[in-house]
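Step one of this worksheet: look at the structure below.
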Amino acid sequence: MSLSQARIAYRRLLKIQRKRFAGDVPIITAAHKKTREEFENNRAVTDEKKVKKLLKHAADVELVIRSYVVQAPRNTEKENTYNIKFTSEHALRDRHPIIIKSSLQKSKSSEEEPK
């Protein structure tokens with residue numbers, strides 16, 4: 001494994017982080033910092049098997065971010081709702097609606113039956 005493969009993996013991670021967390025500077029900064037720390041901590045690794053494993057991990061992390069991470073800004077028009085925008089890269093974009101019930105919302109059954 002060469003240094004160039006590590007650079008490519010590093011740059012790909014930074015790029016997908018900028019894309020997925022666009023407009024959220026604190027999150028982008030934290031993600032970039034953590035990525036840099038992980039790559040710096042493993043800079044001296046020379047064992048071929050270990051390097052392959054680390055590069056595979058970087059590729060897996062990139063895939064998870066690319067496929068499953070979405071930004072969900074709060075919908076200012078409706079209480080306890082968020083706007084989720086899927087892209088063609090997301091694994092769950094069309095046929096798999098995500099329904100997230102907030103723990104702040106009361107269920108209908110708990111509203112009807114006092115405890």
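All of (1) assigned to a helix (DSSP H, G or I); (2) modelled with pLDDT under 85; (3) surrounded by 12 or more Cβ atoms within 10 Å (Cβ to Cβ) hold for E111 with one exception: (3). Only one of the listed residues (A72, A6) is in contact (Cβ under 8 Å) with a residue 40 or more places away in the chain and open to solvent by less than 50 Å² (accessible area, probe 1.4 Å). That residue is A6. When the stretch 9-26 is filtered for residues that are among the aliphatic types (A, V, I, L, M) and either open to solvent by less than 70 Å² (accessible area, probe 1.4 Å) or under 19 Å from K53 (Cα atoms) (or both), the ones remaining, listed by number, are A9, L13, L14, I16, A22. Note on the stretch 40-69: residues that are open to solvent by 60 Å² or more (accessible area, probe 1.4 Å), of a type in the set (A, V, I, L, M, F, W, C) and farther than 20 Å from H90 by Cβ total 1. I need every pair where a residue in the stretch 42-60 that is closer than 13 Å to S2 by Cα has its Cβ under 7 Å from the Cβ of a residue that is open to solvent by 50 Å² or more (accessible area, probe 1.4 Å) and of a type in the set (S, T, N, Q), sequence separation at least 6 or different chains. Pairs found: L55/Q5. Scoring R12 on the criteria (1) assigned to a loop (DSSP other than H, G, I, E, B); (2) modelled with pLDDT of 95 or more; (3) among the charged types (D, E, K, R) leaves a single failure, condition (1).
The values are calculated or read from the model by the stated rules, or taken from the named source; none is laboratory data. On a predicted model such as this, the values are computed, not experimentally measured, just so you know. For neighbour counting, all protein chains shown are included, and Cβ atoms are generated from backbone atoms with ideal geometry for every residue, glycine included. Quick note on the areas: whole protein, heavy atoms, side chains included, nothing else; ligands and nucleic acids left out. Shrake-Rupley method; radii C 1.70, N 1.55, O 1.52, S 1.80 Å.
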